[in-house]
Amino acid sequence: MAFFIVVFAVIFSLFCFSSALLRWNELRYRKKGLPPGTMGWPIFGETTEFLKQGPNFIKNQRSRYILMNESKGLVPGYPQSMLDILGKCNIAAVHGSTHKYMRGALLSLVSPTMIRDHILPKVDHFMRSHLSNWQDHVIDIQEKTKEMAFLSSLKQIAGIESSSTAQEFMSEFFKLVVGTLSLPIDLPGTNYRRGFQARKENKYKLSDEEIIDLIITLAYSGYETVSTTSMMAVKYLHDHPHVLEELRKEHLAIRAKKKPEDPINWEDYKSMKFTRAVIFETSRLATIVNGVLRKTTKDMEINGFVIPEGWRIYVYTREVNYDPYLYPDPLSFNPWRWMDRSLESQNYFLIFGGGTRQCPGKELGIAEISTFLHYFVTRYRWEEVEGNKLVKFPRVEAPNGLRIRVSSY
Ligand code: HEM
């Protein structure tokens, strides 16, 4: 009995404390000009509602929060779970001169010259072997593209080939990724705890935290974006045979000029105009990156509303991607719209972010997906196995896998 009284007292006190905090927050922020809306629950804010409702949450909030422009005083504002797991020196956690310096270091690692001379040959070599012997099998293309993105970056970063070391590393890395998008609750069994522990795996005895954070950031940033875009491209190509036909034409023409063992080189990559269009259209329609997060470093005025210091702003790029004025008939999968290259330089092209934080791995990501598609469509045809389901929020994924039956082309 005493136990139940104690439990009741604890719950009641927590409730009182939360309500008081909620009220205090409302009073604290009752300034003229604040965007309308509620503060949500203490600690959690509106995160759980956001993760539960996804796009509908944003739709409900859109009329109340008009946040269109990024300007001075806005720095990345990614969730605590992500910062804890990716490390305090990771590129999204730093700004000002440190960011400039880190970004410069990164850009030199993935510059067009580096891709042409060093990375593309490795990517080609990796894809050739990763995509071998898929014929006459039912495979989960989600699993295959995840392994592909991870193992390919491991090969680029550490020169590690697909082996038992890589396999061991991979399962820890997958936990890390899931942990970055979780509530930061450090209890046994939570995704956050698992992700945080995976970060501590330091088999190679690296002592420099900055290097570890950079490597984790590199692997992390290119992992989900590249794997999910590849998986969704396979999905859309399956559903749109005329697009697949056009894409195959492009790749078979490249193959026709080569011996079977010749790798894809920079000129081949640059000639893949329709492939690039397929990748952009896939990213747009699937909205692989739903949006980007920013945090205010001082009280700011945006579109007539005051945004207090320390508040987070979610720049919801999905809305832009589906805007019928920018992309006519926005819900149709139409890669041809991207054949006009000027679309890629419009300021509403937000697939790779924008401004000083624009994705430094853009060309690398496109080169990896293009090489994957090259070997996939020139070697195989495929059909979907029934029962596949896709969700688009909070991340684009096939919760039970995306199974396809593969045969030789
Ligand atoms: C299709 C593939 C990819 C997509 C769609 C994509 C998308 C994005 C987006 C939207 C941002 C902006 C985030 C923000 O503004 O807060 C970003 C940043 C970033 N991306 Fe990518 N990305 C891709 C591939 C890659 C690859 C392969 C790498 C590996 C080098 C990479 C590394 C980064 C890094 C390090 C940042 C942070 C840049 C900074 O804060 O200055 N990305 N990416």
Inset, instruction - Starting from the alpha-carbon convex hull of the range 223-352, give the projected area averaged over all orientations, in nm². - result: 10.5
Legend entry - Difference of contour (0.36 nm per residue) and Cα-Cα distance, ILE5 to SER332: 111.8 nm
Inset, instruction - Express in nm, to one decimal, how much length is gained between ALA253 and ASP323 on full extension, taking 0.36 nm for each residue of separation and deducting their alpha carbon distance. - result: 21.7 nm
Inset, instruction - Multiply the residue gap between ASN347 and SER13 by 0.36 nm, knock off their C-alpha separation, and tell me the result in nm, one decimal place. - result: 115.2 nm
Inset, instruction - Kindly state, to the nearest 0.05, the FRET efficiency for PHE305 paired with GLU143, given R0 = 56 Å and r defined as their beta-carbon distance. - result: 0.80
Inset, instruction - Please turn the phi angles of the range 247-258 into ³J(HN,Hα) values with the Karplus equation 6.51 cos²θ - 1.76 cosθ + 1.60 (θ = phi - 60°), one per residue in order, whole Hz, x for glycine and proline. - result: 5, 4, 4, 4, 7, 5, 5, 5, 4, 4, 8, 10
Inset, instruction - With a ≥ b ≥ c taken as the square roots of the eigenvalues of the C-alpha gyration tensor of the range 218-293, please select rounded if a/c is under 1.5 and otherwise prolate if a/b is larger than b/c or oblate if it is not? - result: oblate
Legend entry - Under Karplus coefficients 6.51, -1.76 and 1.60, residue-wise ³J(HN,Hα) of the range 291-299 in Hz, glycine/proline x: x, 10, 10, 10, 10, 7, 9, 7, 4
Legend entry - Under-5 Å amide H pairs with VAL306, H placed in peptide plane, nonlocal only: LEU34
Inset, instruction - Kindly list the residues of the range 251-274 that lie in the label zone of SER132, defined by a backbone N under 15 Å from the point 7 Å along the Cα-to-C-beta vector. - result: 260-263
Legend entry - Per-peptide average of other Cβ atoms within 10 Å, ordering 256-264, 371-379 highest first: 371-379, 256-264
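For the range 277-376, state which trypsin sites (Lys or Arg not before Pro) are in a DSSP loop and have at most 12 other beta carbons lying within 10 Å of their beta carbon.
In loop regions of the range 277-376 (DSSP not H, G, I, E or B), the sparsely surrounded trypsin sites (Lys or Arg not before Pro) are LYS298.
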Inset, instruction - Could you go through the range 355-366 in sequence order and give the Karplus-derived ³J(HN,Hα) for each residue, using 6.51 cos²θ - 1.76 cosθ + 1.60 with θ = phi - 60°, rounded to whole Hz, and x for Gly and Pro? - result: x, 5, 9, 4, 4, x, x, 3, 5, 4, x, 5
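Any read-out appearing in this document is the output of simple, stated calculations on the displayed coordinates, not a laboratory observation. What you see is a predicted model, and the numbers here were worked out from it, not measured in a lab. Glycine gets a Cβ as well: all are built from the backbone with ideal geometry, and neighbour counts include every protein chain shown.
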